[in-house]
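Below: the structure, in structure tokens.
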Amino acid sequence: MSFRLDKAKVGGMGLLVWSFVVLLVGVSLDSPAIVEWEVYSTSSCYYSVVVALDWLSMSFGWVVAYISSMVLFYSSSYMSSERYLSRFVWMVFFFILSMNCLIFVPSIWGVMLGWDGLGITSFVLVVYYQNSGSLSAGMLTALTNRVGDVFLILAIYMFFSQGQFGLKSVEGVCVSSALVFVSIASITKSAQFPFCSWLPAAMAAPTPVSALVHSSTLVTAGVYLLVRLSSSLGELELGALTFLSCFTLLLSSMSANVEHDLKKVVALSTLSQLAMMVLALSVGYSFLAFFHLLVHALLKALLFMAVGSIMHGFNGVQDVRYMGGAFYSMPLTVFCFCVANLALCGFPFVGAFYSKDLIVEGLLSGGVSLVVIITVLLSAGLSVSYSLRLSYLAVFSYNKGSCFSNSVDKVGEVLPMLGLAVGAVCGGVFFQSIFLGFIEFFFMPTELKLVLLVVLLGALVGSLLCWSSSKSKVLEVSFSEHLLSTLGFLSPLSSQPLAGKCLRLSGLLYKQLDQGWMELISGEGAFLAIKKLGVFHHRYQSMRFNAGVGGVLLFGVLVVIWLLPH
């Protein structure tokens, strides 16, 4: 037991040291640096690995390393009773390595290795708990992400056709089509509509995995790739991203107000924040989208850790209707939970206030559609309502579940959360002053600031949704609640037709082709044919035919069989 715990803590310490190295190098860089390593060269072919060290990669690399170190420290206590903790730690390391490959290698080779590494490792981590629910969630995650992987492979092929290996803009019809495919791949990985059903389903993974996946790795890979290619995207791609992100933003925010599963509410909040990042990027504020990505990563990892500790305190219960009273028994955990919620809501001068306020003011002064502005403001009010709902039901209300609970602050879980609480509170002002260095100021007239009152309308709508869901009984669900909790029926439509049909079709092809016709006309069939020819030749010999005639006959038959496929 001690060896497994030490392995997680040593890994966390190594990642923490690496995060400080990345931070120091990123702060000391005056200009972007490119490090190129020649792997192989012959004749006119030249293969090399390029590592980009700029403020974009260094800031994101620091966030990934710092959050991963806190997650491993947290896992050493949270998963101390797990039998396969060593295997879990190695898979987390492979997951982090894939993300760093995607971040620091600005070529299609690095993107492909990191992209597929994230997909494979995420499937393994989602099915960590070996039961039918985890398997179905893992299959839905894998199949949905493979749709995006196919488009990414097509985009890489089109980049190859133009002789382009780096993530730079190149003129040509093929590259324009490749950018469309890259956009589709990015929205599948970042769970935008209609590929958003896998994100709540991935909650079947352990909570430390959710803290890592939903903050700074898998779901943000698509947004990071779009930020890298934002200057090359055309009007078609940007318009489609605007429409899909607005719909995802509103749908996920409303669904979070009627959801009762604690982890799924946090997952839906991740979905809404990802939609806000994609929306900011699609209207021309790619740096603001990246700024919000960094700040959101720190606070969302903290929120997931606090949620995991609260669930442990209530003996694994995830339904908020059976929780309450955690404030009295887990004060430090509740403190971190409330800090993360305030930072997520955009409380003044805390966490996401800096990024969300700049995005909203940029939309108001940037000449975008009024529908987009109203959607963002409504979602901001809805985020406040579901955050307050979670805080009240899980923390400040009376205990509505079992009186037998082991809710108590654990040092091994509280210390990593306190480490992330500093980042959640100070991350916004830190990134704004150190990495981004904004020099633009927004001045809005009073009439335009009155539009911000739409946020109150969103909070009112969210309160009504919360009140209607609280009145429903545990085993009775209304049509509207079922519609929102399934993301507009996307969850059943994605799981049954997609996964079920694909699995049945693959089983049919395996039975009819791999074990059917392919065996008859290839390996097994050829073996049986040669065996029968050997028996036939033996009979000829036993009937005292000329051995030379029999050999020539057998040789001729074998030549004819060899020529048939040609």
- Message: Pull out all pairs, ordered by first then second residue, where Cβ-Cβ is under 7 Å, the residues are six or more apart or on different chains, the first lies in the range 408-435 and is assigned by TED's automatic domain parsing to the domain that holds Phe20, and the second is assigned to a loop (DSSP other than H, G, I, E, B) and among the β-branched types (Val, Ile, Thr).
- Response: Val425/Val350
- Within the range 232-241, is even one residue crowded, with 20+ Cβ neighbours inside 10 Å, over 29 Å from Val368 (Cβ atoms), assigned by TED's automatic domain parsing to the domain that holds Gln130 and modelled with pLDDT of 80 or more? no
- Task: Please indicate, with yes or no, whether at least one residue in the range 87-102 is among the aliphatic types (A, V, I, L, M), out of contact with any strand residue (DSSP E or B) (no Cβ under 9 Å at 6 or more places or on another chain), in a helix (DSSP H, G or I) and within 19 Å of Thr188 (Cα to Cα).
- Result: yes
- Flagged pairs (Cβ under 7 angstrom, 6 or more apart or on separate chains; first in the range 89-103, within 19 Å of Val10 (Cα to Cα) and modelled with pLDDT of 85 or more; second buried (at least 20 other Cβ atoms within 10 Å of the Cβ) and acidic (Asp, Glu)) are none
- Task: Scan the range 126-160 residue by residue and report those that are among the small types (Gly, Ala, Ser), in contact (Cβ under 8 Å) with a residue 60 or more places away in the chain and surrounded by 14 or more Cβ atoms within 10 Å (Cβ to Cβ).
- Result: Ser134, Ser136, Ala137, Gly138, Gly148
- Evaluate the range 427-434: report whether one residue or more is small (Gly, Ala, Ser), modelled with pLDDT of 80 or more and either under 20 Å from Ser19 (Cβ atoms) or within 24 Å of the chain's Cα centre (by Cα) (or both). yes
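Conditions tested, residue by residue: (1) outside the structural domain of Leu281 (by TED's automatic domain parsing); (2) without any contact (Cβ under 8 Å) to a residue 40 or more places away in the chain; (3) within 21 Å of Tyr78 (Cβ to Cβ).
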{"residue": "Ile184", "(1), (2), (3)": "no, yes, no"}
{"residue": "Ile187", "(1), (2), (3)": "no, no, no"}
{"residue": "Ala204", "(1), (2), (3)": "no, no, yes"}
{"residue": "Pro208", "(1), (2), (3)": "no, no, yes"}
{"residue": "Val213", "(1), (2), (3)": "no, no, yes"}
- Item | Residue that is surrounded by the most Cβ atoms within 10 Å (Cβ to Cβ) [pool: residues in the range 102-125 that are under 28 Å from Gly316 (Cβ atoms) and polar (S, T, N, Q)] | Ser122
- Message: So, in the range 63-81, how many residues would count as being surrounded by fewer than 23 Cβ atoms within 10 Å (Cβ to Cβ) and in contact (Cβ under 8 Å) with a residue 24 or more places away in the chain?
- Response: 3
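The values are calculated or read from the model by the stated rules, or taken from the named source; none is laboratory data. Everything quoted here is computed from the prediction, not taken from an experiment. Note that each Cβ is placed from the backbone with ideal geometry, even for glycine, and that neighbours are counted across all protein chains shown.
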